[in-house]
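Remarks on the structure that follows.
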Amino acid sequence: MALWLTQLFNGLSVSSILLLIALGLAITFGLMRVINMAHGEFIMIGAYSAYLVQKIFQSSLPQGWFDAYYPLALLLAFALAFAIGLLLETALIRFLYGRPLDSLLATWGVGLVLQQLARTIFGAPNVGVTSPSWLDGGLRIMTGVVFPYKRLFILALVALVLLAMYLYIYRSDAGRRMRAVMQNRDMAACLGISTRRVDAVTFAIGSGIAGVAGCALTLIGPIGPTIGTNYIVDAFMVVVLGGVGKLIGTAAGALGIGMLNTLFEWGSTASLGKVLVFLCIVAFLQWKPMGLFAVRSRSLDG
Amino acid sequence: MLSVRRLDAGYGESVVLRGVSLDVEPGQVVCLMGRNGVGKTTLIRAVMGLLRPKGGSVAFKGEDVTRRSPGQRARRGIGYVPQGREIFPQLTVRENLRIGLEACADRKSRAAKDVPAAAVEKFPALQAMYGRRGGDLSGGQQQQLAFARALAAGPELLLLDEPTEGIQPSIVEDIRDVIRSIRAEGKTAILLVEQSLEFVRSVGDRFYIMEKGAVVWTGGKEELDDPAVTRYLTV
Amino acid sequence: MRRRGWLKRWIVPFALCLTLSACGGSNNEGGASPSSPEPSSPPASPSATASASGEASPPASESGGAVKVGIIHSLSGTMAISEVSVRDAELLAIEELNAKGGVLGKKIEPVVEDGASDWPTFAEKARKLLSEDKVATVFGGWTSASRKAMLPVFEELNGLLWYPVQYEGMEMSPNIFYTGATTNQQIVPAVDWLLENKGKKVYLLGSDYVFPQTANKIIKAQLKAKGGELAGEEYTPLGHTDYSTIIAKIQAAKPDVVFNTLNGDSNVAFFKQLKDAGISSKDLTTLSVSIAEEEARGIGPEFLAGHLVAWNYYQTTDTPENKTFVDSFKKKYGADRVTDDPIEAGYVAVYLWAAAAEKAGSFDVAKVKEAAKGIEFNAPEGKVTIDGDNQHIYKTVRIGELQADGQIKELWNSGSPVKPDPYLKTYDWAAGLGG
């Protein structure tokens with residue numbers, strides 16, 4: 001019983017992490033058909049933001065304030081990744097819309113540059129980030145079953161981000177413009193929408209969410225120049241499986257992969273588990289090539 | 001209002017429009033006719049800015065807009081109802097209409113929370129459908145929605161590309177009435193692409209006929225009985 | 001018209017990206033810091049150079065007053081975490097030797113290449129160092145995969161490689177000197193110590209590549225022979241970062257000890273998540289062989305406190321040579337830097353080569369190898385001796401405990417340096433393991 005509970009929670013936790021790292025990509029890839037191979041590096045930017053804020057708090061502020069660094073780090077992670085995403089979109093990505101192969105190559109190069117930049121600024125070795133003390137420990141459900149607070153926090157964070165995204169996309173003027181552009185770019189332009197601005201902001205938001213993911217991941221994983229490469233493949237798998245164009249698809253994809261991964265990993269080994277999940281995804285895509293939840297729209301097919 | 005001069009345009013290497021010139025005066029309803037494939041839709045798209053011309057110019061309200069993007073032209077007061085309606089299928093009727101506001105020149109109007117009155121007063125049937133998704137509407141309802149959406153920002157020039165094509169007769173009548181009422185108000189000029197001679201006779205002030213990418217006949221209502229007209233229009 | 005426009009627009013940024021990343025990739029500088037001395041002018045002892053130039057075919061690596069040596073480590077990519085510091089140590093040793101006059105009167109000129117955490121790149125750069133730069137010797141490698149990729153190149157071109165990292169043994173190339181521990185100087189004594197002091201049930205957790213797999217084969221044979229019990233064996237891909245399920249599996253298996261051969265980023269994730277799951281070093285003993293002071297900084301000492309490691313050297317190792325070494329290292333590279341086993345092994349390798357070359361009176365590979373046999377050196381880790389039989393060195397085994405400040409406290413050592421036995425010939429229970 002304890003085992004079932006633990007593994008169920010683990011599956012949910014893995015799913016939430018997958019969703020967080022894939023959400024930004026779902027927006028840039030799903031809405032704009034841009035293959036952003038530098039997405040992992042935006043996660044890295046978010047992680048280093050946490051490191052930076054922590055360092056500032058450690059060196060300039062009294063000890064008692066330290067635990068407050070984390071919410072600030074989340075905000076900075078979003079802002080920094082948003083800004084760099086905006087820069088990238090206006091300088092490079094905007095010229096590559098509708099050209100998946102070109103955007104793949106160019107963003108791959110950008111990813112390498114960002115990694116090397118991180119190496120130059122912060123050094124090649126991983127850096128340590130101390131998590132705030134209010135996240136230490138866990139919820140004891142019963143003997144042998146502990147739900148770590150950090151993982152619970154990430155679950156809550158993901159839910160919050162999803163809610164924010166939903167409100168933005170479906171309840172705000174900017175979100176309505178984004179949906180219009182996504183469904184029919186030419187017509188949206190003819191109605192007075194600045195597609196350039198919508199594209200830039202959309203890409204920047206996707207990047208910003210990746211930054212938040214990176215900051216969240218400092219709680220449980222490494223922080224170094226190459227952490228982006230650990231997550232990029234998973235992110236793409238979630239988006240492709242979930243179906244391009246709908247956030248609910250991304251959530252479903254993340255849940256599916258996370259649960260399956262945990263199940264297979266328990267039954268066999270971590271490596272084999274990943275392979276089996278991959279095979280399942282490939283098999284599923286044979287049956288439903290557009291993914292779990294697909295949106296048929298001219299801008300995506302064209 | 002609208003001044004097209006010696007426009008050459010096409011897709012890729014092919015040339016569709018050859019030296020087309022056309023004028024629309026304020027408040028006027030100008031009808032563009034011709035057989036299938038002569039370039040009527042291409043001309044409309046070039047006027048809207050969806051197509052970059054290879055030569056010639058487009059001027060709107062005295063300003064040369066040949067280099068301007070469709071969004072910029074919409075903001076300057078051109079409304080567009082394309083062939084095929086092109087409503088946003090996943091957005092509700094209300095949301096479609098509010099997108100129409102994006103062409104408003106000032107921010108306050110753009111951010112208005114209510115469904116634009118200018119749009120709906122001509123199409124009261126839409127009021128019952130605000131919550132329905134655009135993709136769920138019938139062809140005729142979508143046409144009304146597309147029309148209303150284009151009116152939302154109060155354009156000074158409306159481009160209508162075959163608004164009655166494939167629509168049931170009762171809605172065709174509605175559209176005829178709407179065009180007439182817009183003409184009566186005199187605030188909005190219309191460039192209308194239409195195949196039906198009978199329809200254009202009932203709403204138009206000035207008429208152009210195109211063949212093989214060029215304007216071959218132009219005249220007022222009185223000249224419509226010219227036998228050349230029928231010759232150009234029959235297949 | 002539109003097509004030509006986009007080509008122009010994206011090719012410039014893309015080319016810029018590639019150029020920048022390539023620049024970051026390979027370092028051809030002569031030294032890590034501007035303070036490293038330039039190869040110069042008249043050698044200290046003219047007679048030494050005379051004998052050197054009296055060689056039948058003087059190697060092109062000696063030009064004027066300098067001898068070129070190669071350094072090849074991952075300066076980018078996932079292994080850069082660990083390898084950049086080893087390069088730094090090797091450069092420090094070279095700088096110290098040059099300050100004392102160099103080797104055979106010639107200044108040592110390092111040629112540094114980046115293996116980029118990509119094993120074929122290691123082989124390619126090794127070939128370049130040997131055939132184009134014509135270096136006298138090469139210091140480098142970290143993962144066994146990188147060493148195995150370079151081995152055929154060194155054997156083909158008759159070069160000399162000094163490999164500074166603990167590894168899985170079962171190897172004895174005539175063209176490699178191994179200054180890191182082999183299995184009987186680290187893993188085997190660690191398992192013995194664990195069985196005696198912590199318990200019989202052992203869980204094996206490692207990254208999925210050659211070192212952990214080979215190490216675990218050895219450990220399993222050892223457990224069988226010594227009455228230990230295998231509680232479980234798990235491998236995760238390199239770069240794997242979610243250990244929630246594995247931690248659950250470990251808890252279910254209830255071992256006395258986890259023998260940890262995870263590498264790189266995985267260690268950070270594992271220990272962070274272990275602590276999150278409420279498991280401390282008091283609840284579960286782990287012993288790692290890929291975590292040293294350098295990696296501890298990237299993980300965060302609060303997650304590692306109390307966990308065990310097995311090495312042959314710690315920054316806290318109490319020898320006078322070590323005090324000097326740590327001081328010099330910090331002085332050159334920064335007070336917040338740390339030294340660890342592979343860093344020290346890289347440093348020692350340079351000195352051992354220099355000593356062998358001096359004894360041979362030449363940089364010729366065959367002569368240096370011959371002269372290297374039996375060479376002793378007072379290293380920071382204690383006295384080391386090159387074993388002429390297998391080109392490994394005698395090393396003292398030290399079991400240590402990670403402290404809250406990121407340093408390692410020694411709990412036990414083997415007393416005297418242990419003779420290297422890469423094929424475990426002196427252990428009967430290892431007879432069946434492949435050689």
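Assigned to a loop (DSSP other than H, G, I, E, B) and away from chain A (no Cβ under 14 Å), is that true of B:R35? It is true that B:R35 is assigned to a loop (DSSP other than H, G, I, E, B) and away from chain A (no Cβ under 14 Å). Here are the criteria: (1) surrounded by fewer than 21 Cβ atoms within 10 Å (Cβ to Cβ); (2) of a type outside the set (K, R); (3) within 11 Å of chain A (Cβ to nearest Cβ). Tell me which single one B:A153 does not satisfy. Answer for B:A153: the failing condition is (1).
Candidates are the residues of the range B:115-135 that are more than 22 Å from B:I182 (Cα to Cα) and surrounded by fewer than 16 Cβ atoms within 10 Å (Cβ to Cβ); the one that is farthest from the other protein chains (Cβ to nearest Cβ) is B:A128.
In the range C:104-142, the residue that is surrounded by the fewest Cβ atoms within 10 Å (Cβ to Cβ) out of those that are hydroxyl-bearing (S, T, Y) and over 16 Å from C:A80 (Cα atoms) is C:S131.
Give the residues of the range C:252-270 that are of a type outside the set (G, A, S) and within 10 Å of chain A (Cβ to nearest Cβ), sorted by residue number. Matches in the range C:252-270: C:D265, C:N267, C:V268, C:F270. Among the residues of the range A:257-279, are any among the aromatic types (F, W, Y) and at the interface with chain C (Cβ under 10 Å from one of its Cβ atoms)? Scanning the range A:257-279, I find at least one residue that is among the aromatic types (F, W, Y) and at the interface with chain C (Cβ under 10 Å from one of its Cβ atoms), so the answer is yes.
Here's the yes/no breakdown for (1) buried (at least 22 other Cβ atoms within 10 Å of the Cβ); (2) within 13 Å of chain C (Cβ to nearest Cβ); (3) assigned to a helix (DSSP H, G or I); (4) not basic (K, R):
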{"position": "A:L19", "(1), (2), (3), (4)": "yes, no, yes, yes"}
{"position": "A:L25", "(1), (2), (3), (4)": "yes, no, yes, yes"}
{"position": "A:G30", "(1), (2), (3), (4)": "yes, no, yes, yes"}
{"position": "A:V34", "(1), (2), (3), (4)": "yes, yes, no, yes"}
{"position": "A:A47", "(1), (2), (3), (4)": "yes, yes, yes, yes"}
{"position": "A:L52", "(1), (2), (3), (4)": "no, no, yes, yes"}
{"position": "A:K55", "(1), (2), (3), (4)": "no, yes, yes, no"}
{"position": "A:G64", "(1), (2), (3), (4)": "no, no, yes, yes"}
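Residues checked against (1) modelled with pLDDT of 95 or more; (2) touching a Pro at 6+ places or on another chain (Cβ under 8 Å):
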{"residue": "C:L75", "(1), (2)": "no, no"}
{"residue": "C:T78", "(1), (2)": "no, no"}
{"residue": "C:I81", "(1), (2)": "no, yes"}
{"residue": "C:V84", "(1), (2)": "no, yes"}
{"residue": "C:L91", "(1), (2)": "yes, yes"}
{"residue": "C:K100", "(1), (2)": "no, no"}
{"residue": "C:V103", "(1), (2)": "no, no"}
{"residue": "C:K107", "(1), (2)": "no, yes"}
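With the condition kept exactly as written, say whether any residue in the range C:84-97 is surrounded by fewer than 23 Cβ atoms within 10 Å (Cβ to Cβ), charged (D, E, K, R), closer than 16 Å to C:V368 by Cβ and away from every other protein chain (no Cβ under 14 Å). The answer is no; no qualifying residue exists. Of all the residues in the range C:221-248, those that are more than 7 Å from every other protein chain (Cβ to nearest Cβ) and farther than 26 Å from C:A80 by Cα number 14.
Being buried (at least 24 other Cβ atoms within 10 Å of the Cβ) and either within 10 Å of chain A (Cβ to nearest Cβ) or more than 30 Å from C:F177 (Cα to Cα) (or both) is a property that holds for C:L304. Any chance the range A:76-89 includes a residue that's over 29 Å from A:V129 (Cα atoms), in a helix (DSSP H, G or I) and touching a residue at least 60 places away in the same chain (Cβ under 8 Å)? The answer is yes, given that some residue of the range A:76-89 is over 29 Å from A:V129 (Cα atoms), in a helix (DSSP H, G or I) and touching a residue at least 60 places away in the same chain (Cβ under 8 Å).
Name every residue in the range B:153-209 that is closer than 21 Å to A:L191 by Cα and assigned to a helix (DSSP H, G or I), in order of residue number. Matches in the range B:153-209: B:I175, B:V178, B:I179, B:I182. When A:L135 is tested against the conditions (1) touching a residue at least 12 places away in the same chain (Cβ under 8 Å); (2) buried (at least 19 other Cβ atoms within 10 Å of the Cβ); (3) within 30 Å of C:R337 (Cβ to Cβ), the lone failure is (2).
Residues in the range C:381-410 that are within 22 Å of C:K226 (Cα to Cα) and in a strand (DSSP E or B): C:R398, C:I399. Among the criteria (1) touching a residue at least 12 places away in the same chain (Cβ under 8 Å); (2) within 11 Å of chain C (Cβ to nearest Cβ); (3) surrounded by 15 or more Cβ atoms within 10 Å (Cβ to Cβ), the one A:F95 does not fulfil is (1). Give the residues of the range C:98-125 that are within 14 Å of another protein chain (Cβ to nearest Cβ), assigned to a loop (DSSP other than H, G, I, E, B) and in contact with a strand residue (DSSP E or B) (Cβ under 9 Å, 6 or more places away or on another chain), sorted by residue number. Of everything in the range C:98-125, just one residue is within 14 Å of another protein chain (Cβ to nearest Cβ), assigned to a loop (DSSP other than H, G, I, E, B) and in contact with a strand residue (DSSP E or B) (Cβ under 9 Å, 6 or more places away or on another chain), namely C:G115.
Go through the range A:116-129 and report how many residues are in a helix (DSSP H, G or I), buried (at least 23 other Cβ atoms within 10 Å of the Cβ) and either without any contact (Cβ under 8 Å) to a residue 12 or more places away in the chain or more than 20 Å from the chain's Cα centre (by Cα) (or both). Total meeting the criteria: 0. Looking across the range C:167-194, the residues that are in a helix (DSSP H, G or I), surrounded by 19 or more Cβ atoms within 10 Å (Cβ to Cβ) and in contact with a helix residue (DSSP H, G or I) (Cβ under 8 Å, 6 or more places away or on another chain) come down to C:T183, C:I187, C:V188, C:V191.
Rundown of residues vs (1) surrounded by 22 or more Cβ atoms within 10 Å (Cβ to Cβ); (2) within 14 Å of chain C (Cβ to nearest Cβ); (3) part of a helix (DSSP H, G or I); (4) modelled with pLDDT under 90, yes/no style:
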| position | (1), (2), (3), (4) |
| --- | --- |
| A:L114 | yes, yes, yes, no |
| A:I154 | yes, yes, yes, no |
| A:Y168 | no, no, yes, no |
| A:A174 | no, no, yes, no |
| A:I193 | yes, no, no, no |
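Of all residues in the range A:20-48, those being modelled with pLDDT under 90 and of a type in the set (S, T, N, Q) number 1.
Assessment of the range B:68-87 against the conditions (away from every other protein chain (no Cβ under 11 Å) and in contact with a Leu (Cβ under 7 Å, 6 or more places away or on another chain)) yields no matching residue. Residues of the range C:285-326 that are within 27 Å of C:A231 (Cα to Cα), in a helix (DSSP H, G or I) and touching a Leu at 6+ places or on another chain (Cβ under 8 Å): C:A296, C:F303, C:L304. Within the range C:419-430, none of the residues are surrounded by 18 or more Cβ atoms within 10 Å (Cβ to Cβ), over 21 Å from C:D192 (Cβ atoms) and either touching a residue at least 40 places away in the same chain (Cβ under 8 Å) or not hydrophobic (A, V, I, L, M, F, W, C) (or both). Does C:S244 satisfy the condition of being touching a His at 6+ places or on another chain (Cβ under 7 Å), on the phi < 0 side of the Ramachandran plot and either among the small types (G, A, S) or surrounded by fewer than 23 Cβ atoms within 10 Å (Cβ to Cβ) (or both)? Against the criterion (touching a His at 6+ places or on another chain (Cβ under 7 Å), on the phi < 0 side of the Ramachandran plot and either among the small types (G, A, S) or surrounded by fewer than 23 Cβ atoms within 10 Å (Cβ to Cβ) (or both)), C:S244 does not qualify.
The set of residues in the range C:277-287 that are more than 12 Å from every other protein chain (Cβ to nearest Cβ) and out of contact with any helix residue (DSSP H, G or I) (no Cβ under 7 Å at 6 or more places or on another chain) comprises C:S281, C:K282, C:L284, C:T285, C:T286.
The values are calculated or read from the model by the stated rules, or taken from the named source; none is laboratory data. Treat the numbers as computed from the prediction; the structure is a model and nothing was measured. Every residue, glycine as well, gets a Cβ built from its backbone with ideal geometry; the counts of neighbours run over all protein chains shown.
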